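Working notes, structure below.
Here, each number is a calculation from the coordinates, and none is a lab measurement. As the structure is a computational prediction, the values presented were derived from the model and not from experiment. In this analysis, Cβ positions are derived from the backbone assuming ideal geometry, glycine residues included, and neighbour counts consider all displayed protein chains.
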Ligand code: HEC
């Protein structure tokens, strides 16, 4: 009886931990995403590496404006639109990351 109980317990904890791992790997790594999609122009720290790009450390725009520019871009100035390239959850995590770069 005791053996059976511990086997069940073992199985349940296995399920629990394997599910936990799954959700952890699904979590968006916003730094990784930023480094991949944005740092070419805005630099890894938010200091621009191309002429027109804005310094994200000194940016003062609101969260919804940040979200808007990531979605729509600023085509004349040279920022591409990410609307069709990123999931909305990824855009939201980038908004938070961009704000965290401010000094
Ligand atoms: C090809 C170059 C390029 C890439 C890639 C790029 N940007 Fe930009 N970004 C720009 C340029 C240029 C501007 C200035 C636009 C303007 O002045 O209208 C800008 C402006 C911004 C602004 C507005 C800042 C302010 O204070 O007005 C934000 C926020 C921003 N980018 C975030 C991002 C994020 C997040 C990514 C990645 C998903 C990204 N950008 C990718 C070129 C780029």
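Before moving on, here are some points about what is shown:
- Under the condition of being in a helix (DSSP H, G or I) and in contact with a strand residue (DSSP E or B) (Cβ under 8 Å, 6 or more places away or on another chain), the residues counted in region 51-103 number 1.
- Options 63, 45: the member that is closer than 21 Å to residue 28 by Cβ and in contact with a helix residue (DSSP H, G or I) (Cβ under 6 Å, 6 or more places away or on another chain): 63
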